[in-house]
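Step one of this worksheet: look at the structure below.
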Amino acid sequence: MKLMKPERLSEDHEPVRKILQEWQVTSPLPPRFAENVWRRIEQADSVKARASTSMSPWAVLKAWLAVTLPRPAFAFSYVSVLLVAGLLAGYWHARVDTTKWDKILAGRYVQAVDPFQRSSGN
């Protein structure tokens, strides 16, 4: 990304600034436009005030994720962490089950070879 010097930046925006100064709005605003804008601002402020005082930890987490997930870098890292956590949990669960089945099958084998032998697995 090329950085511009401040004096160059103001030169590049001069034509745009002139056009914006000449621009005039010709269409009228809808009836009671300003009143509706202020009413919506007050409603949004009251919703934010109520939400910030009574939000549960899960609601706070949900709101935070709703704000941060649209950013691609965060979404990618979030999905990656969840994927790795899922893989590790699956691996750990498989190891526990495998160990349990190894003990059970070893006990059955001992019983099959020598029915009078007591196995340590049972």
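Worth a mention:
- Working ranking of peptides 43-50, 102-109, 23-30 by packing, defined as the average number of other Cβ atoms within 10 Å per residue, highest first, is 102-109, 43-50, 23-30.
- Per residue, the solvent-accessible area of segment 23-117 (1.4 Å probe, heavy atoms of protein chains only, all protein chains present) comes to 91 Å².
- Separation of the Tyr109 and Arg17 label points, Cα + 7 Å toward Cβ, nm: 8.5 nm
- Taking Cβ atoms as reference points and 14 Å as the exclusive limit, the residues near Ala34 contribute a net charge of +1, counting Lys and Arg as +1 and Asp and Glu as -1.
- Bridging of Lys18 to aspartates and glutamates at a Cα separation below 14 Å is possible for none of them, once same-chain residues fewer than 8 apart are set aside.
The values are calculated or read from the model by the stated rules, or taken from the named source; none is laboratory data. Nothing here was measured: the structure is a model prediction, and the numbers come from that model. Note that we place each Cβ from the backbone using ideal geometry, even for glycine, and neighbour counts take in every protein chain shown. Accessible surface is based on the protein model in full, side chains and every heavy atom, while ligands, DNA and RNA are left aside. Shrake-Rupley method; radii C 1.70, N 1.55, O 1.52, S 1.80 Å.
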